[in-house]
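Participant: First, the structure itself, so that you have it in front of you.
The values are calculated or read from the model by the stated rules, or taken from the named source; none is laboratory data. From a predicted model like this one, the values you see are computed outputs, not experimental measurements. Cβ coordinates were reconstructed from backbone atoms using ideal geometry, including for glycine residues, and neighbour counts include every protein chain displayed.
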Amino acid sequence: MDFIRQINWLDIIIVLFLLRIGIVALKTGLPSELFKILGIIAAIYLSFQYYPKLSGYILGQGVFKKLDPDLVQFFSFVALAICGYIFFVFIRLFTCRFFKTEAAPDLSKWGGLVLGMVRGALLISLVLFIFAFSNIIYLRKSVKNSYSGKYFFALAPAAYRSLWRGVFSKIDSGGRFNRSIASYERSVGL
C-alpha cells in the first residue's frame, strides 16, 4: 500500500509518456530512433556542460545584467537542451531524405523499441532535472515525492558524468566537469 501512496501525477505522466514513445519507436524503427537518442544525448551533454557559460555570457551583456541569474541559468539550460536535440532532428531529416536504408524489419522494429525506451528514460530524466532546476518548489517536490521520479531523475546526471569521463574529458583538455549539477541532485534528495 505504501507504493500506491507514493504515486503522484508525475508517475502517471511518466508511464503514459513511456507507452507513447514505445508505440512510436515500434512504428518508426531503429534508424529513426538512433538519431533521436543521439539528440537526447547531445541535449544532456550540452545543457549540463555549457549552461553556466551561456548564462554568464548573457548576464555579462549590458541589457541583461539586471535579470535574475537563476532565471537566466534555467533558460540557458533549456535552450541548450533544445538546440542539442534539434541539431539531430535536422541531421535525421537530411539523412532520411537522401539515404533509404532499412534494417531487417523485425530488427528495426524491436531495436527501435529498445532505443526508444532508453531515449524515453533519458528524456524523462532531463525533463525531471529541468523541474528540479526551476525555482518552482511544487515541481521540485513533485519530483522528490514521486515514486518513479527519483529513479528516472538520476539517469541524466549519470549520463552526463559518463559522457564527460568517457569521452569529453579526453577531447576537451581545457574544459571542466560541471560540479554544480550535484546541488540539484541534492535538492531532490539524491
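Participant: Of the numbered conditions (1) within 17 Å of PRO157 (Cα to Cα); (2) without any contact (Cβ under 8 Å) to a residue 12 or more places away in the chain, ILE41 satisfies every one except a single condition; which is it?
Facilitator: Unmet for ILE41, out of (1) within 17 Å of PRO157 (Cα to Cα); (2) without any contact (Cβ under 8 Å) to a residue 12 or more places away in the chain: (2).
Participant: Return yes when TYR50 is out of contact with any His (no Cβ under 6 Å at 6 or more places or on another chain) and at pLDDT 95 or above and no when it is not.
Facilitator: For TYR50, the condition - out of contact with any His (no Cβ under 6 Å at 6 or more places or on another chain) and at pLDDT 95 or above - is not met.
Participant: For region 128-138, how many residues meet the condition of being closer than 18 Å to ILE7 by Cβ and surrounded by 17 or more Cβ atoms within 10 Å (Cβ to Cβ)?
Facilitator: The total comes to 2.
Participant: I'm told ILE21 meets every condition in (1) part of a loop (DSSP other than H, G, I, E, B); (2) crowded, with 18+ Cβ neighbours inside 10 Å except one. Can you identify the failing condition by its number?
Facilitator: All conditions pass for ILE21, except number (1).
Participant: Same structure again: Please tell me if ALA156 is touching a Ser or Thr at 6+ places or on another chain (Cβ under 8 Å) and at pLDDT 90 or above.
Facilitator: yes
Participant: Okay, moving on. If PHE94 satisfies all but one of (1) hydrophobic (A, V, I, L, M, F, W, C); (2) within 18 Å of the chain's Cα centre (by Cα); (3) farther than 25 Å from PHE77 by Cβ, what's the number of the condition it fails?
Facilitator: Every listed condition holds for PHE94 apart from (2).
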